[in-house]
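The values are calculated or read from the model by the stated rules, or taken from the named source; none is laboratory data. Not measured: the values here are computed from a predicted model. Don't worry about glycine lacking a Cβ; one is built from the backbone with ideal geometry, like all the others, and counts go over all protein chains shown.
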């Protein structure tokens, strides 16, 4: 008995979809995801620094120089380096309210493709009322 071509095509599509969905991501994909997550967490920590000081930090190191306890979002000093062990770059824009956090990828240099592509998180701080800042920083 002859099986129609459509059955073959559908079988291949089902197998390909299953492999795509369930195949574990490569190390490069995991490192890129980690870098993106780190940048979002660091952006949150910069926002918290702004809430407390009403200015952006001069550098990422300044986040830890002033605050003795751990920062929000689970950020600590080890998060200042990307998954390839290169430092994250922080650029404070002249307007004093926006900034960029950059991961230069596996090669640690600007530009690149694939695993060496730059990952950029741009953000603008949001002014929080003083009462919201105090209650957010109060230990629970």
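Taking the criterion of being under 28 Å from residue 106 (Cβ atoms) and either at pLDDT below 80 or crowded, with 17+ Cβ neighbours inside 10 Å (or both), the residues of segment 49-69 that qualify are 57, 60, 63, 64. Annotation: residue 82 fulfils all but one of (1) touching a helix residue (DSSP H, G or I) at 6+ places or on another chain (Cβ under 8 Å); (2) at pLDDT 90 or above; (3) closer than 17 Å to residue 123 by Cβ; the unmet one is (3). Can you find, within segment 112-136, the residue that is modelled with the highest pLDDT among those that are in a helix (DSSP H, G or I) and either at positive phi or surrounded by 12 or more Cβ atoms within 10 Å (Cβ to Cβ) (or both)? Looking at residues that are in a helix (DSSP H, G or I) and either at positive phi or surrounded by 12 or more Cβ atoms within 10 Å (Cβ to Cβ) (or both), I get 116. The residue pairs whose first member lies in segment 32-49 and is farther than 14 Å from residue 123 by Cβ, whose second member is at pLDDT below 90 and surrounded by fewer than 19 Cβ atoms within 10 Å (Cβ to Cβ), and whose beta carbons are closer than 8 Å, counting only pairs six or more residues apart or on different chains, are 32/115; 33/25.
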